[in-house]
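What follows is a short report on a single structure.
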Amino acid sequence: MDQLGKGYHLGHGTVLVRIARLAFAALGIAAIVSAVTATPGSLGNFFSYFTIESNLLAIVVLIVGGLVNPQDSRWAYLRGAARRRCRP
């Protein structure tokens, strides 16, 4: 097993991966907040775009994966669905 520092190993649920997930979720939140403040019009119209909905789903998946790191097979399906929805 590869080791990086004390007790940190390079694998699927390591501390570094979980920190990266939370960092990317924070970037997604910042991007959506920036877009909301720069876009005139109603919020209902803004949040009806599929790209915004996909980003919100990705942010939720990244936050849950960063905080909880679930290993259930249902979680893998949800994560895969979010990944598929975010790609064209």
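Working only within segment 67-86, note down all residues that are touching a Lys or Arg at 6+ places or on another chain (Cβ under 8 Å) and modelled with pLDDT under 85.
Of everything in segment 67-86, just one residue is touching a Lys or Arg at 6+ places or on another chain (Cβ under 8 Å) and modelled with pLDDT under 85, namely Asn69.
Filter segment 39-55 for residues that are surrounded by 14 or more Cβ atoms within 10 Å (Cβ to Cβ) and of a type outside the set (Gly, Ala, Ser); which is modelled with the lowest pLDDT?
First pass over segment 39-55, keeping only residues surrounded by 14 or more Cβ atoms within 10 Å (Cβ to Cβ): 46, 52, 54-55.
Next, only the ones that are of a type outside the set (Gly, Ala, Ser) stay: 46, 52, 55.
Values: Phe46: 82, Ile52: 86, Asn55: 87.
Of everything passing the filter in segment 39-55, Phe46 is modelled with the lowest pLDDT.
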- Query: Which one is nearest to Asp72 (Cα to Cα) among residues in segment 1-38 that are modelled with pLDDT of 85 or more and in contact with a Phe, Trp or Tyr (Cβ under 8 Å, 6 or more places away or on another chain)?
  - Reply: Leu16
- Message: Between a residue in segment 28-40 that is closer than 10 Å to Ile52 by Cβ and any residue that is of a type in the set (Val, Ile, Thr) and surrounded by 13 or more Cβ atoms within 10 Å (Cβ to Cβ), which pairs come within a Cβ distance under 7 Å, given they are 6 or more apart or on different chains?
- Response: Ile32/Ile52
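Going by the conditions given, is Gly65 on the phi < 0 side of the Ramachandran plot, in a helix (DSSP H, G or I) and in contact (Cβ under 8 Å) with a residue 40 or more places away in the chain? Before you say what the answer is, go through the steps one by one.
Working: on the phi < 0 side of the Ramachandran plot: yes; in a helix (DSSP H, G or I): yes; in contact (Cβ under 8 Å) with a residue 40 or more places away in the chain: yes.
Yes: the conditions hold for Gly65.
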- Selection over segment 68-88 where residues are charged (D, E, K, R) and not in a helix (DSSP H, G or I) yields a count of 2
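The values are calculated or read from the model by the stated rules, or taken from the named source; none is laboratory data. A quick note: this is a predicted structure, and the numbers were derived from the prediction, not measured. Neighbour counts are summed over all protein chains in view; Cβ atoms, including those assigned to glycine, are modelled from backbone coordinates with ideal geometry.
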